[in-house]
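So the structure is just underneath, and the comments pick up after that.
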Amino acid sequence: MEARLNLQSMFSDPVAGKVLRSLNAAGKALSESTLPAATQELIKLRASQINGCAFCTDMHSKDAAAAGETAQRLHLVAAWREAKVFTEAERAALELVEQGTRIADAAGGVTDEAWANAAKHYDEDQLAALVSVIALINAYNRLNVIVQQPAGDYEPGMFG
């Protein structure tokens, strides 16, 4: 499988390069937030699974494992509702990512109940980071799905 566009060469394109650098800068800012890194990786992994983004699913499962996440938890992200290995805060974040990713599936978007549950576990800065991580990973997923970025070759840390 070959990608429709070479993302590395897109960085030299005047417009695409600016967009990609901006997305990456947003990701760096979020990695420096107080939202736990493990939660961020779970969010990225679950959204990528929902969106069918193999490249991001590969990347974030490997990054999470390299950061110490257990194989059991990674294998259970797709079935988190039935799994006992996630904290209540993580479960609230996973519900928010599912509703925030599947907004076209529900006329009302994210429910007040899901938001209130997340707000019980995260302060305002963390909620802002949570929403931003969800939005950003959805942007990355769409980019990679559209260009058919192949999966399987990612190595943790290869993008800096």
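What the table below lists for this structure:
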item	result
Residue-count net charge about residue 19 - beta-carbon cut-off 13 Å; Lys, Arg +1, Asp, Glu -1	+2
Total formal charge among the other residues, if their Cβ is under 12 angstrom from that of residue 138, Lys/Arg +1 and Asp/Glu -1	+3
Against the rule of thumb 2.2 N^0.38 Å, how large the Cα Rg of region 94-160 comes out	1.35
Peptides 144-153, 15-24, 95-104 ordered by average Cβ neighbours within 10 Å, highest first	95-104, 144-153, 15-24
Share of Cα-Cα pairs in region 35-100 lying beyond 18 Å, as whole percent	26
Value at 222 nm in deg cm²/dmol, rounded to 500, when DSSP H runs of n ≥ 4 in the chain each add -39,500 (n - 2.57)	-20500 deg cm²/dmol
Mean Cβ count within 10 Å, highest first, over the residues of peptides 123-130, 108-115	123-130, 108-115
Qualifying lysines (Cα of each under 17 Å from Cα of residue 44; at least 8 residues distant if same chain)	28, 62
Neighbour net charge for residue 44 - beta-carbon separation under 15 angstrom, K R +1, D E -1	-1
Whole-percent carbon and sulfur share, accessible surface of region 1-155, 1.4 Å	57
For the chain, alpha-carbon Rg and Dmax in angstrom	15.6, 47
Of 36, 85, 133, farthest towards positive along the dipole that unit charges on Lys, Arg, Asp, Glu beta carbons give the chain	133
Heavy-atom surface of region 1-153, accessible at 1.4 Å and reported per residue (Å²)	54
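The values are calculated or read from the model by the stated rules, or taken from the named source; none is laboratory data. These numbers were taken from a predicted model, which means no experiment stands behind them. Here Cβ is always computed from backbone atoms with ideal geometry, including for glycine, and neighbour counts include all displayed protein chains. When the accessible area is computed, the model is the full protein with side chains, heavy atoms only, and any ligands, DNA or RNA have been set aside. Shrake-Rupley method; radii C 1.70, N 1.55, O 1.52, S 1.80 Å.
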